[in-house]
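In what follows, a single structure is set out as structure tokens and then discussed.
The values are calculated or read from the model by the stated rules, or taken from the named source; none is laboratory data. A quick note: this is a predicted structure, and the numbers were derived from the prediction, not measured. Positions of Cβ are backbone-derived with ideal geometry, glycine not excepted, and every protein chain shown enters the neighbour counts. SASA here: full protein model, heavy atoms, side chains in, ligands and nucleic acids out. Shrake-Rupley method; radii C 1.70, N 1.55, O 1.52, S 1.80 Å.
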There are 2 protein chains.
Amino acid sequence: MKKLINDPADVVKEALQGVAEAHGDRLRVLTDPYVVVRADAPVQGKVGLLSGGGSGHEPMHGGFVGPGMLDAACPGEVFTSPTPDQMLAGTKAIDGGAGVLHIVKNYTGDILNFEMAADLAREEGIEVEAVVIDDDVAVQDSLYTAGRRGVGATVLAEKICGAAAEQGQSLAEVADLCRKVNANARSMGMALTSCTVPAAGKPTFELGAQEMEIGIGIHGEPGRERRAVAPAREVVELLATPIVDDLPFSSGDRVLAFVNGMGGTPLIELYIVYNDLYRFLGDRGIEISRNLIGPYITSLEMQGCSITLLKLDDELTAFWDAPVNTPGLRWGA
Amino acid sequence: MKKLINDPADVVKEALQGVAEAHGDRLRVLTDPYVVVRADAPVQGKVGLLSGGGSGHEPMHGGFVGPGMLDAACPGEVFTSPTPDQMLAGTKAIDGGAGVLHIVKNYTGDILNFEMAADLAREEGIEVEAVVIDDDVAVQDSLYTAGRRGVGATVLAEKICGAAAEQGQSLAEVADLCRKVNANARSMGMALTSCTVPAAGKPTFELGAQEMEIGIGIHGEPGRERRAVAPAREVVELLATPIVDDLPFSSGDRVLAFVNGMGGTPLIELYIVYNDLYRFLGDRGIEISRNLIGPYITSLEMQGCSITLLKLDDELTAFWDAPVNTPGLRWGA
């Protein structure tokens, strides 16, 4: 295992120290338990947005804490759910009296722990709603998951709901908006290589020198199939066809196209994928009106990509375009 | 070779198509010859900023075209200098009457071609200045280089000079500023793994399973030494000590600390490196007052990192903080 780390047991702790040292202007890091919190939280009268999940997917979620996006993020150990006490501490730290929305990716551990934390927070008088993201069309059930996995749409939901909360929407409204994003988004990913969890010290799975995995999960969970590596345009067809067919996306739709790198993929390759996706969608009369290209929901050093499409209307577009100021996503601020 | 590409011969062309399709709001891509040009170029009365170099280092340079940074970037084939006709076309496309600054990384091919292009542009009546960036302390001469290589300081120079040009500084002033950035910046990089140029199809160099290369170049050129992989804090000492000793950086200095990912490095690892760098500099009384953490000058899918330190004063800090709106670097806009 070759990694830029010290003790594998300290990976998350030391990375969070780095985050705190680097971005103290926008966030602070609580350490007992670990929660990344917006510097000026709680913002009085504003709905608080909390997400979280295993580490190893950076910049998600801690890198999306700041004005216009999340108020707090709970980082678990690598590929491991955070605990209810982290989620409770985060919820309390960001409640400005307007309630807190939990944005939860659909993994069984996350679901159970967020439910427990929501119950505990409600007992303390905090209004909490939770929305589960389950946009991955690759598999119906999966390792760690009943139902579809939550992947790339999480980033888009956090950005869009963050803008709505910033503009003063109520908890019920922000939760509805989050459900709307989830309902209009579909994703699928693939891997050329595996990744190694530091504490494990060996690759999560093995892929042959000429193999790729289509429909991979963000923890290296099995996807739909293994097949021989293929040109980017075939990879795009394999990912985008089930995405487009599922919602479905149709001629005349405007979409946000999110081409995500899995952590070890050169940016030059993501632009080739984007170019092939642009053609694929253009052939079907689907217009890309917004895009996001880069490593935003990653799987350590895995090489590969995922595609997320979100059907846009004027409301979603305006919230997407609104200012955001986080370490991982920033514009207009 | 596992890559998200189609024909290896089309990598740069197709990636540039993707860039043009994705970022048409900020830039356009000339195709004969290839130049990435700011959408509203030439900006009348503003000094034009041109850079360029081999592809494979994305987002540098094409991803830094836009308001507040570069006016144009000339992309060569992967790890190959662009041609004088690209540089001439870029220079002509961005000359708004106030002259054009060429920001050139110190590689022999780049130097020769930029000199030829500057001569040709001057013959056409365009005022051109060139500044060579040579911030890499790893080796004095190198494969492809007489003198030190130009690496991470290039990103900082492009941002800072971009701000100065936007604010109406003259060509002589922007060129002086660029020399000032170069004079006050030092860098060094390392690799855990090699990278594969698509047209070559095999790794540029080989590293053993327990080896790392200290002082690596951004094309995989040899560095100072190969040694056994070590904890991140030792890696930071190996990179930061020669950087600090060279300028030198001293107690009381304020710096911009740039922790750069080589393309295949997970962000969580870069924050561990940043944490160790923060301690290393803190022990020496050097204060990090600005930072940049992520993959900005990459070497395809290479795993590793580089550290760049830039000594800041109020002038450089203000230009760094000024708004920038490019695909690769964006804030305040």
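Does A:LYS105 meet the test of being within 14 Å of chain B (Cβ to nearest Cβ) and basic (Lys, Arg)? Here the answer is no, as A:LYS105 does not meet what is asked.
Take A:GLY223 and tell me if it is at positive phi and either in contact with a strand residue (DSSP E or B) (Cβ under 7 Å, 6 or more places away or on another chain) or crowded, with 16+ Cβ neighbours inside 10 Å (or both). When the stated conditions are applied, A:GLY223 does not pass them. Within the range B:305-333, the set of residues being in contact with a helix residue (DSSP H, G or I) (Cβ under 9 Å, 6 or more places away or on another chain), in a strand (DSSP E or B) and closer than 27 Å to A:GLU269 by Cα comprises B:CYS305, B:SER306, B:ILE307, B:THR308, B:VAL324, B:TRP331.
Looking only at residues in the range B:1-18 that are more than 7 Å from chain A (Cβ to nearest Cβ) and among the aliphatic types (A, V, I, L, M), the one that is farthest from B:VAL65 (Cα to Cα) is B:MET1.
Exactly one residue among A:ASP246, A:ASP253 is within 21 Å of A:GLY147 (Cβ to Cβ) and out of contact with any His (no Cβ under 6 Å at 6 or more places or on another chain), and that residue is A:ASP246. Return yes when A:VAL244 is surrounded by 24 or more Cβ atoms within 10 Å (Cβ to Cβ), part of a helix (DSSP H, G or I) and touching a Lys or Arg at 6+ places or on another chain (Cβ under 9 Å) and no when it is not. So A:VAL244 fails the test.
Within the range A:127-182, take every residue that is part of a helix (DSSP H, G or I) and without any contact (Cβ under 8 Å) to a residue 60 or more places away in the chain and give me the one that is nearest to A:PRO242 (Cα to Cα).
Of everything passing the filter in the range A:127-182, A:ASN182 is nearest to A:PRO242 (Cα to Cα).
Taking the range B:183-220 as the range and being small (Gly, Ala, Ser), within 13 Å of chain A (Cβ to nearest Cβ), in a loop (DSSP other than H, G, I, E, B) and over 27 Å from B:ASP7 (Cα atoms) as the test, the residues that pass are B:GLY208, B:ALA209. From B:GLU237, B:GLU269, which residue is surrounded by 22 or more Cβ atoms within 10 Å (Cβ to Cβ), among the charged types (D, E, K, R), more than 19 Å from the chain's Cα centre (by Cα) and within 26 Å of A:LYS3 (Cβ to Cβ)? Only one candidate qualifies: B:GLU269. Residue pairs whose Cβ atoms lie under 6 Å apart, separated by 6 or more positions or on different chains, with the first residue in the range A:242-261 and free of Cβ contacts under 8 Å to residues at least 60 places away in the same chain and not assigned by TED's automatic domain parsing to the domain that holds A:THR154 and the second buried (at least 18 other Cβ atoms within 10 Å of the Cβ) and of a type in the set (Phe, Trp, Tyr), are A:VAL259/A:TYR274.
Listed here are the residues, each with its yes/no results for (1) in contact with a helix residue (DSSP H, G or I) (Cβ under 6 Å, 6 or more places away or on another chain); (2) basic (Lys, Arg).
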{"residue": "A:PRO8", "(1), (2)": "no, no"}
{"residue": "A:GLU21", "(1), (2)": "yes, no"}
{"residue": "A:ARG26", "(1), (2)": "no, yes"}
{"residue": "A:ASP32", "(1), (2)": "no, no"}
{"residue": "A:VAL35", "(1), (2)": "yes, no"}
{"residue": "A:ARG38", "(1), (2)": "no, yes"}
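Restricting to the range A:183-199, name every residue that is open to solvent by 20 Å² or more (accessible area, probe 1.4 Å) and either at positive phi or not β-branched (Val, Ile, Thr) (or both). Within the range A:183-199, A:ALA183, A:ASN184, A:ARG186, A:SER194, A:ALA199 meet the criteria. The residues of the range B:284-311 that are more than 18 Å from the chain's Cα centre (by Cα), buried (at least 18 other Cβ atoms within 10 Å of the Cβ) and touching a residue at least 40 places away in the same chain (Cβ under 8 Å) amount to a single one, B:ILE286.
Only a single item in (1) open to solvent by 10 Å² or more (accessible area, probe 1.4 Å); (2) closer than 22 Å to B:LEU329 by Cβ is not met by B:LEU70, and it is number (1).
For the range A:250-276, filtered to residues that are polar (S, T, N, Q) and not in a strand (DSSP E or B), the residue that is farthest from the other protein chains (Cβ to nearest Cβ) is A:SER250.
Here is a yes/no grid of residues against (1) in contact with a Pro (Cβ under 8 Å, 6 or more places away or on another chain); (2) of a type in the set (Ser, Thr, Tyr); (3) farther than 28 Å from A:ILE288 by Cα:
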site	(1), (2), (3)
B:MET1	yes, no, yes
B:GLU21	no, no, no
B:ARG26	yes, no, no
B:PRO75	yes, no, no
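Do the conditions hold for B:ARG28, that is, is it among the basic types (Lys, Arg) and surrounded by 23 or more Cβ atoms within 10 Å (Cβ to Cβ)? So B:ARG28 does not fit the description; no.
Please go through the range A:4-25 and give me each residue that is out of contact with any Phe, Trp or Tyr (no Cβ under 7 Å at 6 or more places or on another chain), part of a helix (DSSP H, G or I) and open to solvent by 20 Å² or more (accessible area, probe 1.4 Å), ordered by number.
Correct list: A:PRO8, A:ALA9, A:ASP10, A:LYS13, A:GLN17, A:ALA20.
In the range B:29-77, the residue that is farthest from the chain's Cα centre (by Cα) out of those that are within 14 Å of chain A (Cβ to nearest Cβ), in a loop (DSSP other than H, G, I, E, B) and within 11 Å of B:GLY162 (Cβ to Cβ) is B:PRO67.
The residue that is farthest from the other protein chains (Cβ to nearest Cβ), among those in the range B:277-304 that are charged (D, E, K, R) and assigned to a helix (DSSP H, G or I), is B:ASP283. Which condition number in (1) surrounded by fewer than 24 Cβ atoms within 10 Å (Cβ to Cβ); (2) within 11 Å of another protein chain (Cβ to nearest Cβ) is the one that A:PRO327 fails? Evaluating A:PRO327 over (1) surrounded by fewer than 24 Cβ atoms within 10 Å (Cβ to Cβ); (2) within 11 Å of another protein chain (Cβ to nearest Cβ) leaves (1) as the failure.
When the range B:114-136 is filtered for residues that are out of contact with any Lys or Arg (no Cβ under 9 Å at 6 or more places or on another chain) and either in the same structural domain as B:ILE218 (by TED's automatic domain parsing) or open to solvent by less than 30 Å² (accessible area, probe 1.4 Å) (or both), the ones remaining, listed by number, are B:PHE114, B:ALA117, B:ALA118. Of all residues in the range A:210-224, which are over 18 Å from the mean Cα position of the chain (by Cα) and among the acidic types (Asp, Glu)? Of everything in the range A:210-224, those that are over 18 Å from the mean Cα position of the chain (by Cα) and among the acidic types (Asp, Glu) turn out to be A:GLU211, A:GLU213.
Going by what's in this entry, would A:ALA228 be described as surrounded by fewer than 24 Cβ atoms within 10 Å (Cβ to Cβ), over 27 Å from B:VAL78 (Cα atoms) and either out of contact with any Pro (no Cβ under 7 Å at 6 or more places or on another chain) or not aliphatic (A, V, I, L, M) (or both)?
No, not satisfied.
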